[in-house]
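To start, the structure under review is shown below, and the notes come after it.
The values are calculated or read from the model by the stated rules, or taken from the named source; none is laboratory data. These figures come from a predicted structure and were not determined experimentally. No Cβ is skipped: glycine too gets one built from the backbone with ideal geometry, and neighbour counts run over all protein chains shown. For accessibility, only protein heavy atoms count, side chains too; no ligands or nucleic acids. Shrake-Rupley method; radii C 1.70, N 1.55, O 1.52, S 1.80 Å.
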Amino acid sequence: MNAADTAFILICAALVMLMTPGLALFYGGLVRAKNVLSTTMHSFVLVGVASVVWAIIGYTLAFGPDVAGVIGGLDHLFLKGVGMEPSEAAKTIPHLAFMVFQCMFAVITPALISGAYAERISFRAMLLFSVLWLVLVYAPMAHWVWGGGWMFKMGALDFAGGAVVHMSSAAAALAAAHVLGRREGYGREPFVPHNLPMTVLGAGILWFGWFGFNAGSALAANGLAAMAFVTTHLATAAGVMGWLAVEWIHSGKPTTLGAASGAVAGLVAITPAAGFVEPMPAMIIGFGGGMLCYGGVLMKKVFKYDDALDVVGVHGVGGTWGALATGLFASEAVNGVNGLFYGNPGQLWTQFLSVVATWLFCYLMSRGIFHAVDALMGLRVTVDAERAGLDVSEHNERAYEQ
């Protein structure tokens, strides 16, 4: 084992853990004041719930011995055999360090989905959905891509979660919007973010934590980690510029929310590519992500679905673009694989197949889980509870004095 690698991955795991409270602030500032606590609760509670699910069964389904390319075996149920020795997945760090680093990815992914159903889902339904989704959707996706499953064997590239985290959560978000329907008054009443400074703070924490997310996915303190760190930062900076450029042209003014959203769009877009591309292509990916995700947010007006906090527009569009861009810009000089622009057109086709499979599987499975939870206990709060606000109706508390 390597002490530097171990220290680095433990620090990166802590950074990724911080991202979920950062997401709570980002989402919390975007909703109306009467729903800020319920929205932040969706993210914060999953730090606890998802971690327990991961330790009991999620980790073994994702990273246990491969079963037919589809799922991991139960060898690590209740973390059996996950100790201080190295593992096959990461041979220079303790198995426990690899497990807890991956745990933080499992924590934030269902939290991302919560942006779609904010302001109208019941808390108990949200909890049951999240547990089922982690077991039935996230764990298989993580195994397919990172655990030796069929996407990995096919050669699909996803350095830190374009498919596993962003497209999977966006597909679930789209399913949520379709199954739950629109918020009460949507399209007739103003739905204005109540605290944009909170959202900007959350975006800054996400940017900071994302260095652990992407650089840590090198699983060692080495040159690849440094490359992923740099590509992450430059793509995010370019994402801010890409979003603001389109917003300025389209609406006439650049906004603070646009800058924060552009940063997240850049982060999402570079995630699958961070350890496969060089710095200049990373900026192209980030700039394109900012522009495309701005357009993605406008899609819900065209298709008339209520994705409350634009999970589909940012994480879905950004993750899809990033996965395809990996097939364009991947360089053998960085991590042993070339994309289309470096003489390997087959990689782009592989990326395309992985994108289609991810969207289909995650959307259909998520929609099925939502329908099952709805049949069992109901998904939405009552109209009166929604009008009163979920802070009071679901948690009996208020964020601010009246």
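Take the alpha carbon gyration tensor of the range 136-269, find the square roots of its eigenvalues, order them as a ≥ b ≥ c, and report rounded if a/c is under 1.5; if not, report prolate when a/b exceeds b/c, else oblate. Oblate, because a/c is 1.5 or more while a/b does not exceed b/c.
Taking a span of 27 Å or more along the helix axis (Cα atoms) and a mean Kyte-Doolittle hydropathy of at least -0.5 as the rule, the DSSP H helices of the chain that qualify are 3-30, 95-117, 196-215, 223-251, 279-303, 345-377. Positive end of the charge dipole of the chain (Lys, Arg +1 and Asp, Glu -1 on Cβ, about the Cα centre): tell me which of 110, 28, 266 has its Cα farthest that way. Projecting each Cα onto the dipole axis, the largest value belongs to 28.
Given the -39500 (n - 2.57) contribution per DSSP H run of 4+ residues, what per-residue ellipticity at 222 nm results for the chain, rounded to the nearest 500 deg cm²/dmol? Taken over the chain, the calculation gives -21500 deg cm²/dmol.
Sort the range 310-402 into rounded, prolate or oblate with this rule: let a ≥ b ≥ c be the square roots of the eigenvalues of the Cα gyration tensor; rounded if a/c is under 1.5, and if a/c is not under 1.5, prolate when a/b is larger than b/c, oblate otherwise.
prolate
If you take the square roots of the eigenvalues of the alpha-carbon gyration tensor of the range 243-363 and sort them as a ≥ b ≥ c, do you get rounded (a/c under 1.5), prolate (a/b over b/c) or oblate? Here the range 243-363 falls in the oblate category. Across the range 60-103, the residues whose backbone nitrogen lies under 17 Å from the label position 7 Å along the beta-carbon direction of residue 360 are 70. Diffusion coefficient of the range 17-170 by Stokes-Einstein, Kirkwood radius over Cα pairs, 4 °C, 1.567 mPa s: 82 µm²/s. On full extension, the segment bounded by residue 150 and residue 11 gains 47.0 nm, given 0.36 nm per residue less the C-alpha separation.
Spatially close Lys pairs in the range 3-395, defined by Cα atoms under 27 Å apart and a spacing of eight or more places or different chains, total 9. Across all directions, the shadow cast by the convex hull of the chain built on its C-alpha atoms averages 18.5 square nanometres.
Round to a whole number: what % of the accessible area of the chain belongs to carbon and sulfur, probe 1.4 Å? Reported share for carbon and sulfur atoms: 70 percent. For chymotrypsin sites (Phe, Trp or Tyr not before Pro), no site in the range 1-102 is both called loop by DSSP and has at most 11 other Cβ atoms within 10 Å. GNM on the chain, C-alpha springs below 10 Å: top fluctuator among 179, 164, 192? Among 179, 164, 192, the largest mean-square fluctuation in the Gaussian network model of the chain belongs to 192.
Note on residue 208 and residue 344: the extension gain reaches 45.6 nm, defined as 0.36 nm multiplied by sequence separation minus the Cα-Cα distance.
Once the Cα-Cα distance is subtracted from the 0.36 nm per residue extended length, the residue 2 to residue 302 segment shows a gain of 102.8 nm. Charging the Cβ of each Asp and Glu at -1 and of each Lys and Arg at +1, and nothing else, the dipole of the chain about its Cα centre rounds to 640 debye.
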